[in-house]
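Encoded as structure tokens, the structure appears first; notes follow it.
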Amino acid sequence: MSKIVLLTGATGFLGGYLCAELLTRTDAEVHCLVRGRTDEGARRRLAAYLAHRGVTDLDRVVTVRADLRAPRLGLDGPGYDRLASSASAVYHCGATVNLSADYERLAPCNVAGTRTVVELTARAGVTLHHVSSAGVFIDAPHVGHPEVDEDTALAPGMAGAVGYTRTKYDGEELVRASGVPYVIYRPAFITGDHVTGESSASDLITRTIRAAAVLGIAPDCGTAMPTAPVDYVARAIVALSTQAESIGRSYHLNQPEHLAMDVIFERLRAHGYAPASQPVPRWHATLQERVAETAAFTMLALWGMGAYVLRATPRDQVPVVRSARTREALASLGVTCPVADTAYLDRIVGYLAGAGLLAR
């Protein structure tokens, strides 16, 4: 009989890839906790999303209608007990990812929901594979840590003032203090599929690319971001999760060299988008002047995090995120991080253009 693993967040960008990877790389039956008004509605929603990921054989996929924001995941007593008694591992990828929302709006899912998943994991007596974010260190330079690695201890202030990063910080702290066996995975900025270029329409780097293309003006910045392709992140999580020595450790899932934002904008220009450029303060002013345009409005709403990506002021500086220990562990498992070369960036721009995301 196949092992049963529980997965939250399977209808998200990374979560869908993670579900597909679990099905491909393991023989586990994957029980996906999915929101929905009805059981059938939750099943249809999951099936449609997995089909987009190329998963059409659902023999090893079970949909569990659940809500991270609800006590006991919204399940009745017998349903909760069955879930806990059947699980051999829990993968917690579910979160509300909204970089413009405040802490109070996000905490019911990202903090209280994580606490509920921890309780379920403890009841099951298994390991929790917790997908956090390198964003827990977004403001680390401001508190004396210009570089961070997998063993850097979290400290107050590191997550900055952005609601999302603060909730991910608090979620990590809950996991670490819980007493359950855990592995923590910290993806950096997740970029498009390395093979197809498919990207999330809602992530910050995509939003920045879209704003530059739609405005016809790119911000002239010298920043570099820790990034990694979504397919690599999913494969890395599954590979590391199979190793007993991973328990109690944290892993950084990003490329060894940070991705220069000006290289992205160069590829935009090569494809005929954003022929002009402006210093970041002037570009921010342009966003305000053209706020009636959706791309500008959205970028302004995300400016709390966008300021870090573009280093709007000397204060807005992301740390150097080191991942040597993670890459060494993955290399021994045959998993390497693809290079973000020109061909890859062109695939991302091509995907976004084909999806209509770069048109005014």
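The values are calculated or read from the model by the stated rules, or taken from the named source; none is laboratory data. Just so you know, these numbers come straight off a predicted model, no measurement behind them. Note that each Cβ is placed from the backbone with ideal geometry, even for glycine, and that neighbours are counted across all protein chains shown. Surface accessibility is based on the protein's heavy atoms, side chains included, excluding ligands, DNA and RNA. Shrake-Rupley method; radii C 1.70, N 1.55, O 1.52, S 1.80 Å.
Tell me, what does the Kirkwood hydrodynamic radius of the range 216-279 come to in angstroms if you use every pair of distinct C-alpha atoms?
When all Cα pairs of the range 216-279 are included, the Kirkwood radius is 14.2 Å.
Both radii were evaluated on the Cα set of the range 233-321; the Rg over Rh quotient, with Rh as the Kirkwood radius, amounts to 1.11. Annotation for Gln243 and Asp346: the two label points, set 7 Å from Cα along the Cα-Cβ direction, are 3.5 nm apart. Calculated on the Cα set of the range 15-95, radius of gyration then Dmax: 12.4, 34 Å.
Measuring with a 1.4 angstrom probe and ignoring ligands and nucleic acids, Arg69 comes out at about 130 Å² accessible.
Applying the Karplus relation 6.51 cos²θ - 1.76 cosθ + 1.60 with θ = phi - 60° to the range 143-157 yields 3J(HN,Hα) values of 10, x, 10, x, 10, 9, 9, 5, 9, 5, 6, 5, 9, x, x Hz, where x marks Gly and Pro. Computed with every protein chain present, the accessible area of Thr336 is close to 110 Å² [probe 1.4 Å]. Of Asp57, Asp170, the order by accessible heavy-atom surface (1.4 Å probe, DNA, RNA and ligands excluded), from most exposed downward, is Asp57, Asp170. The amide H of Val34, built 1.01 Å from its N in the peptide plane, has Val64, Arg65, Ala66 as neighbours under 5 Å, considering only residues 5 or more places off or on other chains. Take the convex hull of the alpha carbons in the range 173-275; its mean projected area over all directions comes to 8.1 nm².
Calculated mean residue ellipticity, 222 nm, the chain: -13000 deg cm²/dmol, from DSSP H runs (n ≥ 4) at -39500 (n - 2.57) each, averaged per residue and rounded to 500. Averaged per residue, the chain has 42 square angstrom of accessible surface, using a 1.4 angstrom probe with ligands and nucleic acids left out.
Show me 75-86, 301-312, 172-183, 132-143 ranked by packing, highest mean number of other Cβ atoms within 10 Å first.
Final packing ranking: 132-143, 301-312, 172-183, 75-86.
Apply 1/(1 + (r/R0)^6) to the Cβ-Cβ distance of Arg360 and Val195, taking R0 = 22 Å, and write down the FRET efficiency to the nearest 0.05.
Efficiency, from the Cβ-Cβ distance: 0.15.
With the Cα gyration tensor of the range 1-136 giving a ≥ b ≥ c as the square roots of its eigenvalues, does the rule (a/c under 1.5 for rounded; else a/b larger than b/c for prolate; else oblate) give rounded, prolate or oblate? Note, shape of the range 1-136 comes out rounded.
Taken over the range 293-360, the alpha-carbon convex hull comes to 146 cubic angstrom per residue. Look at the dipole of the range 88-207 built from charges on Cβ: of His145, Pro108, Thr167, the Cα furthest out on the positive end belongs to Pro108. Compute the acute angle (0 to 90°) between the alpha-carbon long axis of helix 261-270 and the principal axis of greatest extent of the alpha-carbon atoms of the chain; round to the nearest 10°. Roughly 70 degrees, rounded to the nearest 10.
Using the average count of surrounding beta-carbon atoms within 10 Å as a protection proxy, the listed peptides 317-326, 152-161 rank, highest first, as 317-326, 152-161. Given in Å, the Rg to one decimal and the Dmax to the nearest whole number for the Cα atoms of the range 64-156 are 15.8, 49. Note that the range 148-189 shows a convex hull volume over its alpha carbon atoms of 86 Å³ per residue. Counting only Cβ charges, +1 for Lys and Arg and -1 for Asp and Glu, the dipole size of the chain around its Cα centre is about 600 debye. Residue by residue, the range 85-92 carries 3J(HN,Hα) couplings of 6, 9, 6, 9, 6, 10, 10, 9 Hz when phi is fed to the Karplus relation 6.51 cos²θ - 1.76 cosθ + 1.60 (θ = phi - 60°); x denotes Gly or Pro.
Computed from the C-beta positions of Glu289 and Val320 and an R0 of 41 Å, the FRET efficiency is 0.75 to the nearest 0.05. State, as an integer percentage, the relative contact order of the chain based on alpha-carbon contacts under 8 Å between residues 6 or more apart. In percent, rounded to a whole number, it is 17. Over the C-alpha atoms of the chain, the Rg to Rh ratio, Rh being the Kirkwood estimate, stands at 0.96.
Measuring nothing but how far apart in sequence close Cα pairs (under 8 Å, 6+ apart) lie, relative to its length, the range 258-360 scores a relative contact order of 25 percent.
For the range 124-236, what is one quarter of the convex hull surface built on the Cα atoms, given in nm²?
9.2
When all protein chains stay in place and ligands, DNA and RNA are ignored, the 1.4 Å accessible-area order of Tyr232, Tyr103, largest first, is Tyr103, Tyr232. What a 1.4 Å probe finds exposed on the range 261-333 is 55% carbon and sulfur by accessible area, rounded to a whole percent.
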